[in-house]
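Nothing in this text is a laboratory measurement; each read-out follows from the coordinates by a stated rule. From a predicted model like this one, the values you see are computed outputs, not experimental measurements. In this analysis, Cβ positions are derived from the backbone assuming ideal geometry, glycine residues included, and neighbour counts consider all displayed protein chains.
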Amino acid sequence: MAKIADKIQVLINPVINDMGYELVGIEYVASGKHSTLRIYIDSDNGIGVDDCETVSRQVSAILDVEDPITNQYNLEVSSPGVERPLFHIGHYQRFLGHDIKLRLVRPINGQRKFVGAIGSVSETDNSVELVTELGPVMLDIELIEKANLVANF
């Protein structure tokens, strides 16, 4: 599924940037006729419904022409929200020290789900140190299936 998201990112990122938005990330959840393509956008001024609608129209037009997804899907354009998803190493660097929750592609020592603070980030090793209640854990970015900030109010 990451390959589809990567293809779509290459297609739409320049257009979204030209519109004055940041493409935060893309999720593609395949589920037959109920598949979902979720695109997260952001800007310095925040994101409203009108922004999502504008980007949705542009992205929809591009995807109709390029047709990177052969089956039916629903397109959703959204702000990253309070529990913002983290997609690449730059996001982990940006939110160093913040609490996150994540799920791995496969378990490490029998554990797939982790919660903790981002302790450090290594671009060289493409890894993140997560400081959990049980101590620090080094995780390869490629093993992280899904990660989100934890909203602390």
Review point. What number, rounded to the nearest 500 deg cm²/dmol, is the helix-based mean residue ellipticity at 222 nm of the chain, given -39500 (n - 2.57) per DSSP H run of at least four residues and division by all its residues?
Key: -8500 deg cm²/dmol
Review point. Once amide H atoms are built 1.01 Å from N in the peptide plane, which residues 5 or more positions from Leu86, or in another chain, come under 5 Å H to H?
Key: Ala147, Asn148, Leu149
Exercise for review: Write down the radius of gyration of the stretch 2-78 and its Dmax, each obtained from C-alpha positions, in Å.
Suggested key: 11.8, 36
Check your understanding: Which percentage, to the nearest 5, of the DSSP beta bridges contained in the chain is antiparallel?
Key -> 80 percent
Practice item. Quick one: divide the alpha-carbon radius of gyration of the chain by 2.2 N^0.38 Å and tell me what you get. Key: 1.11
Check your understanding: If you find the alpha carbon centre of the stretch 77-153 and of the stretch 35-75, how far apart are they in angstrom?
Key -> 25 Å
Review point. Put +1 on the Cβ of each Lys and Arg and -1 on the Cβ of each Asp and Glu in the chain; which of Val49, Val131, Ile89 then has its Cα farthest toward the positive end of the dipole?
Key: Val131
Practice item. Compute the acute angle (0 to 90°) between the alpha-carbon long axis of helix 49-66 and the principal axis of greatest extent of the alpha-carbon atoms of the chain; round to the nearest 10°. Key: 70 degrees
Point to revise | Simple Cβ-charge dipole of the stretch 2-78, Lys/Arg +1 and Asp/Glu -1, about Cα centre, in debye nearest 20 | key: 400 debye
Revision key, fill the gap. For the Lys146, Asn17 Cβ pair and Förster radius 30 Å, calculated FRET efficiency rounded to 0.05 is 0.75
